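The values are calculated or read from the model by the stated rules, or taken from the named source; none is laboratory data. Values in this document were obtained by computation on a predicted structure and should not be read as measured data. Cβ sites come from the backbone with ideal geometry, for glycine too, and all protein chains shown count toward neighbours.
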There are 2 protein chains.
Amino acid sequence: MRESEKETVRALPIFSGMFQDNFDALLAGSFLQRFPASVVLFSESDLTDFLHILIEGQVELFASANNREGTMTLIKPVATFVLASALIDGAYQMSARTLEASRILMIPAENVRTAMLKDRDFAQKAVLELASCYHGVVRAYKNIKLRTAVERLANYLLVQHERQGTNGALVLPVEKRTLASVLGMTPENLSRAFSTLKPYGVVVDGPNIVLNKMDDLKTIAKPSEFIDAN
Amino acid sequence: MRESEKETVRALPIFSGMFQDNFDALLAGSFLQRFPASVVLFSESDLTDFLHILIEGQVELFASANNREGTMTLIKPVATFVLASALIDGAYQMSARTLEASRILMIPAENVRTAMLKDRDFAQKAVLELASCYHGVVRAYKNIKLRTAVERLANYLLVQHERQGTNGALVLPVEKRTLASVLGMTPENLSRAFSTLKPYGVVVDGPNIVLNKMDDLKTIAKPSEFIDAN
DNA sequence: ATTGCGACTTGACATTTATCAAGCGATTTA
DNA sequence: TAAATCGCTTGATAAATGTCAAGTCGCAAT
């Protein structure tokens, strides 16, 4: 791991308040690894060796059962993932794969647990991170339990629109088949959900979306502060 | 709050390792309150004033959107709830109601945040509790995303059967309409799911269930270590 | 005891979602 | 360049789930 990279990592909010000694101890045995696209990083049954921090690229956390597979969440830089598993010292509980070529900082889980005990600032930041992830899953759970597929798509579009500048257009940040998995439906169903939204001013051209009737779209989406990410 | 009750609380794992001063400070301004059945404790949009600890009774955490309502989880004694919200200092994100008459210890959220900073043992226990809750929601999310209604019921029965002694029978710990909400289906659908499981040896008499063909039931349930609670 | 209410069940039906199959278009591979 | 592959879409159909209505049963209130 190069010195310049180490400084980038040091500047991340979760690490920025740590004592230097604790930070150095935390990163001992860590490494910054490059992965190509579509590589499985770990499986849900694997024991949690590392806390992961996505520096660059994109990662999908997913789960399998029966013959189905579903996306739990997408990770975008810069963000930690599997923090809960690293703290508990058990299985990952989720599988992970890269969606693009990615750079990932891998910190031995044991180091993380030590740092939690030694460094108050890190512990505090990690707890808030964890609590925030908890609320994230709760939102996702509400989303799938209380909404139909079309509603989930409509709200997804509204959130992306907001994030991308609220200028009447947005670009899907992932392939549609991945989006379908995120939203808990089949790719065929996603296609049909887009069709259903056409009368509500949603124009689709590949990954480019235009929203022409924001009010109508909001009417059908019924967005909720306590489901949709801020 | 009586002295004997305070001792009961003191003995709970999450508090047992605290310094006495920190414990006393934590409980300052706390109170142990009794609630009758079917009382709403707080709404998802309320600001988090208290960390709750269910001492006796039963509580449902639920969420509403559109005109639907869904159970997030059921709380049984003794357990904390809304820990994440108490740490973040924002809205509860979920609503809560009592299902039975209940006794609940309510600790000011501010006290909890202070104790997190001051008491290392409490901080450690709280983090593990939080991480464990996180995995709990992840399991629930997988359950609803990767399984059909019948599969969810079958696995629920298997888990309850195990918890209640693995002797071929079990008693539903909640009303069927509540169970339906927990499992993410309508009460009508739950009735039909039970009918569907009849050929798999599931005999229903009110809240009393008998499992006559465990192997067949497991075949249809396809239980997973990483979805079903231990 | 009677009444009324609520939980539960069942049937008929509607809606939502998934599956299977085919085809299109763009990109990759040979 | 040709062939193969992959992502996406569309149609037909099936399966899963929800809604509405009716009816039974048991419990609680009068």
With the condition kept exactly as written, say whether any residue in region B:146-154 is surrounded by 16 or more Cβ atoms within 10 Å (Cβ to Cβ), modelled with pLDDT of 95 or more and at positive phi. no
In region A:171-188, which residues are more than 14 Å from chain B (Cβ to nearest Cβ) and within 11 Å of DNA strand D (Cβ to nearest atom)? A:172, A:174, A:175, A:176, A:177, A:178, A:179, A:187, A:188
Quick check: is even one residue across region A:177-200 aromatic (Phe, Trp, Tyr) and under 16 Å from the mean Cα position of the chain (by Cα)? no
For residue B:120, indicate whether it is at pLDDT below 95 and either surrounded by fewer than 21 Cβ atoms within 10 Å (Cβ to Cβ) or touching a Phe, Trp or Tyr at 6+ places or on another chain (Cβ under 7 Å) (or both). yes
Check whether at least one residue in region A:116-129 is assigned to a strand (DSSP E or B), under 25 Å from residue A:43 (Cα atoms), in the same structural domain as residue A:56 (by TED's automatic domain parsing) and touching a helix residue (DSSP H, G or I) at 6+ places or on another chain (Cβ under 8 Å), and report yes or no. no
Between a residue in region B:173-202 that is more than 14 Å from residue B:152 (Cα to Cα) and in a loop (DSSP other than H, G, I, E, B) and any residue that is more than 13 Å from DNA strand D (Cβ to nearest atom) and of a type in the set (Lys, Arg), which pairs come within a Cβ distance under 7 Å, given they are 6 or more apart or on different chains? B:201/B:213
Every residue in region B:49-64 that is of a type in the set (S, T, N, Q) and under 13 Å from the mean Cα position of the chain (by Cα), please. B:58
Suppose the filter is outside any strand (DSSP E or B) and more than 15 Å from residue B:151 (Cα to Cα); does residue B:225 pass it? no
Which residue is nearest to DNA strand D (Cβ to nearest atom), if the candidates are limited to region B:120-151 and must be among the aromatic types (Phe, Trp, Tyr) and more than 15 Å from residue A:86 (Cα to Cα)? B:141
Region B:203-218, subset touching a Gly at 6+ places or on another chain (Cβ under 8 Å), aliphatic (A, V, I, L, M) and not in a helix (DSSP H, G or I), residue farthest from DNA strand D (Cβ to nearest atom): B:211
Would you list the helices (runs of 4 or more DSSP H) that sit entirely within region A:1-96 and hold 3 or more residues that are at pLDDT below 95 and either surrounded by 19 or more Cβ atoms within 10 Å (Cβ to Cβ) or in contact with a Ser or Thr (Cβ under 8 Å, 6 or more places away or on another chain) (or both)? none
Of those in region B:183-230 that are within 26 Å of residue A:92 (Cβ to Cβ) and of a type in the set (Gly, Ala, Ser), the residue surrounded by the most Cβ atoms within 10 Å (Cβ to Cβ) is B:221
Residues in region B:150-171: is at least one more than 20 Å from the chain's Cα centre (by Cα), closer than 23 Å to residue B:225 by Cα and of a type in the set (S, T, N, Q)? yes
What number of residues within region A:130-170 are outside any helix (DSSP H, G or I), away from chain B (no Cβ under 14 Å) and within 16 Å of DNA strand C (Cβ to nearest atom)? 0
Residue B:132 fails exactly one of the following numbered conditions: (1) surrounded by fewer than 20 Cβ atoms within 10 Å (Cβ to Cβ); (2) touching a strand residue (DSSP E or B) at 6+ places or on another chain (Cβ under 8 Å); (3) hydroxyl-bearing (Ser, Thr, Tyr). What is the number of that condition? (2)
Sole residue being over 30 Å from residue B:66 (Cα atoms) and within 10 Å of chain B (Cβ to nearest Cβ), chosen from A:86, A:101, A:79, A:115: A:86
